[in-house]
Amino acid sequence: MASSKHPRNTDPASHQTDGDRAFDSAALGLAHSGPLEGPIEPAYPVPSYGVRPIHRPGPVIPATTIEFPEPAVDPEDPAMGHSSTVRQDIARARRLVVKIGSSSLTDEDGLVNPDRIDIIADALEARMDRGTDLIVVSSGAVACGMGPLELSQRPTDLATKQAAASVGQVLLAQEWARSFARYGRTIGQVLLTASDAGRRDRARNAQRTIDRLRQLGAVPIVNENDTVATSEMRFGDNDRLAALVSHLAFADALVLLSDVDGLYDRNPAEPDANFIPEVRGAKDLRGVVAGDGGRLGTGGMAAKVSAARLASRAGVPVLLTSTENVGAALDAANVGTAFWPQEDRLSAWKFWVLYAASSEGRLHLDAGAVEAVTRKHRSLLPVGITAIEGKFTQGKIVDIVDPEGKLVGRGEVNYDSEMLEGMIGKSTADLPDIAKRPAVHTDYLSTYSNRHRL
């Protein structure tokens, strides 16, 4: 049966019906009495949004050679020409984490600097050409977002910082992708928060993602996820993140790149500042005065030294130098300051507990218990506990503090907080059979008792 409706008149050239045209015209606020002819003028003028420093990724120009960039400093510089066995280990490392600071990736206006990124990518590609697996920890998301958002200084309030990071992460990833595309190489972005590292299951997931990216020939670009991280749950700076990623990825070495060519005993701008080529332990840091971060960054030399010592505690050697020396750093590692790894390295689990795990509660100890767990490396018994803070379940990580409230360690608790409350101060002989286990067994207890050597 034929339809009683009139057939629609369709223009095969435009695949648009008369009814569609009428609708479009009505939507534009135009009146007409017949078919539309010629270009349609918009009913409202297109507004002008002003001129903002919008980032435009450059073209991908394929690289013709793979080589380390030459250092941009005087060969007579005190940071150049050093050798040691630990530097040889860094130069031969099969799995390497390289951290790059914000100031190394942006110009003075906070805009992404493609030329700087290209120089770094050239050095990274040259190192990968040797067969090294590379993981990049890249700062710069907040700094890169400042220019496009017309922020004159690094934001201090959380909402603006997160907004800048959300803009900057896109721009930063675009430039890393463009730069590595010159070598036909793909990147993968891995955004982490402190809570991700603090949960063992999330930490393993991040580890698997990074490993799989490397297996597929892609370069993992790791950054703190500033768009969701809160001030209470932050790594604090990407230097610390790099140290934790080095542990997480079982790296053989860590290279920290910034705007300073190494560690000095004071501000290198001062004429009597002395360069420190090797750091084997705390004695090499006596009298050293390290500063805070600059306008675009959050780290500063103090954060870098802390991160280097943290990585060395995990058994990872560290090289600290400037981005201008990236070629020499990744080639022979004969520049900057080398931090030697600690010989009595912590196990992977104990390192994670101390420096990454999220704590669910707090156990206060008397002086005798502190002595037992820190000096004698014994299990923590309920008799030595004086108070409990927080609500937690069996198997969670808790802080262990001394009578003054100072944190001395962390461990995996064997009881939930409600049951442990009833065991405080009691000797094992006075407890029922169900409660004769230690509150925290020594195998699952990690202390800062040798922190002074970090």
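Taking a cut-off of 24 Å, what percent of all Cα-Cα pairs in the stretch 259-355 are separated by more than that?
Counting every Cα pair in the stretch 259-355, those more than 24 Å apart make up 24 percent.
By the beta-carbon count within 10 Å of each Cβ, the least crowded to most crowded order of Phe392, Phe250, fewest first, is Phe250, Phe392. Over all pairs of different C-alpha atoms, the stretch 132-216 has a mean inverse distance whose reciprocal, the Kirkwood radius, equals 14.5 Å. If the segment from Ala348 to Thr65 were pulled out straight at 0.36 nm per residue, it would be longer than the present Cα-Cα gap by 98.0 nm. Classify the stretch 110-179 as rounded, prolate or oblate, taking a ≥ b ≥ c as the square roots of the eigenvalues of its Cα gyration tensor: rounded when a/c is under 1.5, otherwise prolate if a/b is larger than b/c and oblate if not. Prolate, since a/c reaches 1.5 and a/b exceeds b/c.
Give the shape of the stretch 71-228 as rounded, prolate or oblate, defined through the alpha-carbon gyration tensor: a ≥ b ≥ c are the square roots of its eigenvalues, a/c under 1.5 means rounded, and otherwise the shape is prolate if a/b is larger than b/c and oblate if not. Taking the square roots of the gyration eigenvalues as a ≥ b ≥ c, the stretch 71-228 is oblate. Positive contributions from Lys and Arg (+1) and negative ones from Asp and Glu (-1), summed over other residues with Cβ under 12 Å from the Cβ of Lys396, come out at +1.
FRET efficiency for the pair Arg185 and Asp77, taken as 1/(1 + (r/R0)^6) with r the Cβ-Cβ distance and R0 = 41 Å, rounds to 0.85. Where a ≥ b ≥ c are the square roots of the eigenvalues of the C-alpha gyration tensor, would you call the stretch 85-349 rounded, which needs a/c under 1.5, or, failing that, prolate if a/b is larger than b/c, or oblate? It comes out rounded by the Cα gyration axes. Taking a straight line from the alpha carbon of Lys350, these lysines sit under 29 Å away, with near neighbours fewer than eight places off in the same chain left out: Lys99, Lys283, Lys304, Lys376, Lys391, Lys396, Lys406, Lys426, Lys436.
For the stretch 359-453, the Kirkwood estimate of the hydrodynamic radius, built from every pair of different alpha carbons, is 12.9 Å. Using θ = phi - 60° in the Karplus curve 6.51 cos²θ - 1.76 cosθ + 1.60, the 3J(HN,Hα) couplings for the stretch 192-200 round to 10, 10, 4, 5, 5, 6, x, 9, 4 Hz; x is entered for Gly and Pro.
The Cα trace of the stretch 99-147 gives Rg and Dmax of 11.9, 37 Å, the first to one decimal, the second as a whole number. Placing pseudo-labels 7 Å out from each Cα toward the beta carbon at Thr393 and Val228 gives an inter-label distance of 2.2 nm.
Every number here is computed from the coordinates shown, using simple stated rules; none is lab data. Predicted model only: the values in this text are computed from it and were never measured. All Cβ positions, even for glycine, are placed from backbone atoms using ideal geometry, and neighbour counts span all protein chains on display.
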